[in-house]
Structures are given as C-alpha cells and as structure tokens.
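Below: the structure, in structure tokens.
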Amino acid sequence: MERKNIVTMPGDGIGKSLLPEALRVLDAVGFKANYIPADIGWEYWRTEGDPLPRRTLDLLEKYKIALFGAITSKPKDLADQELNPELRQKGFVYYSPIVGLRQHFNLDVCIRPCRTFKGNPLNFVKQLDGRMIEPDINVVVFRQNTEGLYSGVEWLNPPEKIRSALETHPKMASFKSTPNEDMAISCRIITRDACRRIIVAAFRYARRLGYKNVTVCEKPNILRETSGMMREEAIKIARDFPEIPLWETNIDAQMMWLNKNPEDYCVIVTSNMFGDIISDAFSGLVGGLGFANSANIGDGCAIFEPTHGSAPKYENLMPSIVNPIAMILSACLLLDYLNETEKAERIRTAIASVIAEGKVRTYDMLRMVGSPGVIARGAASTEAMTDAIIRRL
C-alpha cells in the first residue's frame, strides 16, 4: 500500500507533546505514512514576525493534508511586546495561524464530534424520577469555518468612509454622538454559497451515517439577515433530504436545551462563532476539551486538530500529564477522511475500552487540578494513556 504524506504541525505548548502520541497510535493501528514536519506558532511570530510562514503554506499546498497540535494566541498588545526587538515597529500584525490556514485553503467545513464514552467520570448526568441517568450523547457540530465574526473585517477607530457608509443604516443613529476613537466595529459576514456548502455537508453526513435529525442553530429573530440566510438555506436544502427532519433552535435556547436533553440532538449546523461556542458546550458534557476533536475540510485540503488550546503552563512538565485523547480522536477523523474507517473505528473502540475499564485515567478524568504532583496521586501520564490505548489495539 502506498504511504500517505501527512504534514505535521505540533505548534505551541502541549501540541508538541500530544501530536507525537497520536502518531504512535496511527503506527500501532497499521497506518503507514510519511510525516513531514512544518513550522507554525508563537516562536515563528517572535523570530520572523509570521506565525504561519510561507514555507508551511507551500508544504500544505503540495501535500493537502495535515495533523495540527495547538496554537498560542495573545491579544495584539501582548503579541507586539513579544516580537524580537529588531522586528518591532515594522508593521507586523499577529493573526491566529489556524484561522489563517482555514481562510487560505478555504477549509470552510468544520466537523466537531461530541460523543459519550461509557464510564467516563466526566460525563453529563441528570436526575429522572429519583434516578441518576447518563444520557448517551452523540452530537456532531458542523461549523461554518471561514466567515461570520471570524472573517477579520473589523476596525478600531473606523475610517470616515467606513463610518459614513455605516451611517446610511438607520440603526446607526444610536451611535451618532460616539467619537470614532471610542468605537470598534466587527462585521458578521455570511455568504449564500458558504451557507449552502456547510448545510449540504451536514445533511449528507447525517444521511451517510444514519443520524436522525439535523438542527440549524442560529438567531434569526435578532440577526435577521445573517442568521436569516442560514435558516432560509437550511429550509430549502432540507427538501432534498425528506427522511431527515430539520429542527430549528436559537443559540441561546440551544444552550439551555443541551443541558436538559442533549441526547435528542444529532447533527447541528451553524455559523462560525455559534459553532465554536456550541461545540465547546457539548464537549463539556462528554468529558471536556480533553475529548474535543475536529476536522477542517475544504476542496482538496484538510487539517485535523484538537480544539483545546496550547496550555503553556503544562508544556514543560516531565512527564506530560495532558489527556491525549482529543488529539488521537482528531487522528481518527484524518483516517475517516482517507477512507481508512476500519482503522479509525479500531482506535475509537480501544479508547472506549480503556475508559470503560477505568484503570487508566488522566488528571482531568480524576477531577484533579493539573499540577506536577498528579501522577503521584494516581493520574496517568500522557504517555501512559497512549500506551493503554495501544495495548487495546
């Protein structure tokens, strides 16, 4: 079998320790690949003024698929302070490299599965008729990945021509007395083509894997034009999938419903920021960010990553204590993308078995505060958790 070429981008912080663990599992399950390392992250911002160097884009343009670890992002003023002195005042502006990758390669379909593993002590439980029950949650969030409030079209102290254009809208009358220097503006941009792509992807996924409903989660009663467009397109597209009911929820109500009956939801499709929020909320019901995995997919290019941050406070702990399951599950999504579904399911089954047995648990699964002492108190190291999964394989 021909080896696949996979670009690997550990990035910052715990990404450097977690990505190698995922590669160990891929090797153990029999997946053969050539791994091509690529530069990304805070160190390249500090030393080059660019956290996403052109050479990394070139590698991705050549090989089209990557595993990504984690990234450190900081506010503009802190980012400027950490530039090497010779690069300051030269016009460099920090932008999140993962957002940059999504936009450069139009990785507009983001898939974030949120699945319960039986026996995980972090699973959501609720009371019914005096009994504590653990709902079986299997939700997949489809997040439009390149538009909305993450488009990056914003101004602090907007130019006069921007201010003048905005003031043609009657609602801007409320801000007429606000000086430009006291105003910050972000644009929520939604396009019909992007709406259609993410909604069609959600319905096709639901049909292929047998999910029983698709929910469009927006706020069209307030965001009448942008959320309204998402809702309008969902209603149209649902007609081509008559066997799959389309549900509608508002984002605020959805946050309440996911704490009442999360087991009722299957595939949820939404815009960029709402997708970011709701996928984190659902991940909290199935174990937290240590289990939160994602795929960023475009036409001919895909990047797979856990959704947790770089957690720099844990970066230099030896041995590492961070839960590797989110990173390993992200590697499973890479296998799915490559039609290596049998290998992906073997890994997921191994993870489920380790969790159900309950003998190997990282500090988060034991509800400990992360610190160098957790291993002495019974928590498994990052490597020990990976070893347990590999033994199950």
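The values are calculated or read from the model by the stated rules, or taken from the named source; none is laboratory data. Keep in mind it's a predicted model, so treat the numbers as computed, not measured. Note: ideal-geometry Cβ built from the backbone for every residue, glycine included; neighbour counts use all protein chains shown. To get the accessible areas, we keep the full protein, side chains included, count just its heavy atoms, and leave off ligands, DNA and RNA. Shrake-Rupley method; radii C 1.70, N 1.55, O 1.52, S 1.80 Å.
Extending each Cα 7 Å along its Cβ direction at residue 174 and residue 349, get the distance between those two points in nm, one decimal.
Calculated label separation equals 5.6 nm.
For the stretch 254-393, what is the accessible area per residue in Å², given a 1.4 Å probe and the full set of protein chains? Write down the numbers at each step before the final one.
Working: 5310 Å² over 140 residues.
For the stretch 254-393, the solvent-accessible area averages 38 Å² per residue.
Quick check: Cα centre of the stretch 5-58 to Cα centre of the stretch 158-233, how many Å?
Spelled out, the Cα-based centre of one part sits 33 Å from the other.
How large is the Kirkwood hydrodynamic radius of the stretch 1-117, counting all unique pairs of alpha carbons, in Å? Please list the in-between numbers first.
On the way: mean 1/r = 0.0637 Å⁻¹.
Every distinct Cα pair counted, the radius reaches 15.7 Å.
Under 19 Å from a label point 7 Å along Cα→Cβ of residue 184: give me every residue in the stretch 76-94 with its amide N that close.
76-82, 93-94
For a quick check, take a GNM of the chain with Cα springs below 10 Å and name the residue from 201, 165, 302 with the largest mean-square fluctuation.
165
Can you give the accessible area of residue 256 in Å² (nearest 10), computed on protein heavy atoms with a 1.4 Å probe?
We get 90 Å² for residue 256.
Between residue 81 and residue 134, what is 0.36 nm times their sequence separation minus the Cα-Cα distance? Round to one decimal in nm.
14.3 nm
Distance from a point 7 Å along Cα→Cβ of residue 212 to each backbone N in the stretch 262-293: keep the residues under 12 Å and list them by number.
263-267
In the chain, what % of DSSP beta bridges are antiparallel (nearest 5)?
Percent antiparallel among DSSP bridges in the chain is about 50.
Could you pull out the pairs from 32/118; 118/212; 219/313 whose alpha carbons sit more than 25 Å apart here?
32/118; 219/313
Relative to the Cα centre, what is the charge dipole magnitude of the stretch 260-393, using +1 at the beta carbon of each Lys and Arg, -1 at the beta carbon of each Asp and Glu, and rounding to the nearest 20 debye?
620
Between residue 93 and residue 61, what FRET efficiency follows from the Cβ-Cβ distance if R0 is 25 Å, with the result rounded to 0.05?
After rounding, the FRET efficiency stands at 0.65.
What is the distance, in nm, between label points placed 7 Å from the Cα along the Cα-to-Cβ direction at residue 166 and at residue 253?
3.1
Among the aspartates and glutamates, select those whose C-alpha is under 15 Å from the C-alpha of residue 260, and discard any that sit fewer than 8 residues away in the same chain.
Filter leaves 129, 134, 136, 252.
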